[in-house]
Amino acid sequence: MGVFHFKRFDVRNERSAMKVNTDGVLLGAATDVLAGDRRVLDVGTGTGTVALMIAQRMEDLTSDWCVQGIDIDVPSSEEAADNFSRSPWSLHLKSVNMSLSAFRKADPDARYDLIVSNPPYYDNSLQAPDARRNTARHTGDPESPSGTEPLSYREILEYASSALDERGRVSMILPSDQEKPLIRHARMCGFVPWKVLRIRSVERKPASRLIAQFVRRGQTDGSVREESLTLLDEKGKRTSQHASLVTDYYL
């Protein structure tokens, strides 16, 4: 898969440890972008697809905005930078090769309106033979040296607790079986769920993914907007709901 063509931008898809995938596209399409948003961080940006999808919507809100993608994998961050430079929003996009822990130390005062991530979700018992793909797909080991361990949703939430603006949000996509520990850890970091989208492949199957958007405690009335999304109908075609969600992006 050399180049993936979206309506407004193209994604070169050759060097990144993680390729363009359904999870990333759903995250980019379902994550809310609000009128006051100016600074967005995409953690584990890979090819930069999610950052580009967010950028496409931000151009209509303000002229003063920035979407920054970070990735610990050198080829991934380089490919994201290349994709950013070829997009209509090249002046507003930036790719940095750095782990989240190193990024936090390099700019401890950074503040964001939105932090978005499609983090790794396999545990260490499911290691694949490709080391770069392992880093992109597997959650971190707390005993690993700082700056070398794979990303985890826990690290993202802990970073967001200090780096998000008071009214900021954090949005992630994860397997459904991680919903309870995700929400539990989010609450420990001072966040509450704002929106939860549960995703299933077909109608007859249970949800396999969820997109959870969190806000700081006190920024909502406590109610959670919960929705479901079925990706394919009985003929294997996108459902109308799925098609509507991605209509601004897919050709």
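No value in this document is a laboratory result; all are computed from the given coordinates. Since the structure is predicted, the reported quantities are computational estimates derived from the model, not experimental observations. Note that we place each Cβ from the backbone using ideal geometry, even for glycine, and neighbour counts take in every protein chain shown.
Quick look at the numbers
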read-out	value
The chain, Rg to Rh (Cα coordinates; Rh as Kirkwood inverse mean 1/r)	0.93
Point-to-point label distance, Asp32-Glu203, nm (Cα→Cβ direction, 7 Å offset)	3.0
Distance (nanometres) between label positions extended 7 Å along Cα→Cβ at Thr220 and Asp165	1.9
Taking Leu27, Leu34 and counting other C-beta atoms within 10 Å, the order from fewest to most	Leu34, Leu27
Efficiency of FRET from Cβ geometry, Asn21 and Lys180, R₀ 25 Å, rounded to 0.05	0.55
222 nm mean residue ellipticity, helices alone, for the chain (DSSP H n ≥ 4; -39,500 (n - 2.57); rounded to 500)	-8500 deg cm²/dmol
Volume per residue of the C-alpha convex hull in the stretch 1-102, rounded to whole Å³	93
Proxy reagent accessibility, fewest Cβ within 10 Å first, across Arg167, Arg216	Arg167, Arg216
Those aspartates and glutamates that a straight Cα-Cα span of less than 15 Å connects to Lys180, excepting residues fewer than 8 apart in one chain	Glu226
Percent RCO, i.e. relative contact order, over the chain, from Cα pairs under 8 Å lying at least 6 residues apart	17
Size of charge dipole - the chain - debye, nearest 20, with Cβ of Lys, Arg +1 and Asp, Glu -1, no other charges	540
Reach of Lys237 by Cα under 23 Å, taken over lysines that are not fewer than 8 positions away in the same chain	Lys7, Lys19, Lys205
Normalised contact order of the stretch 1-84, rounded percent, pairs of Cα under 8 Å and 6 or more residues apart	34
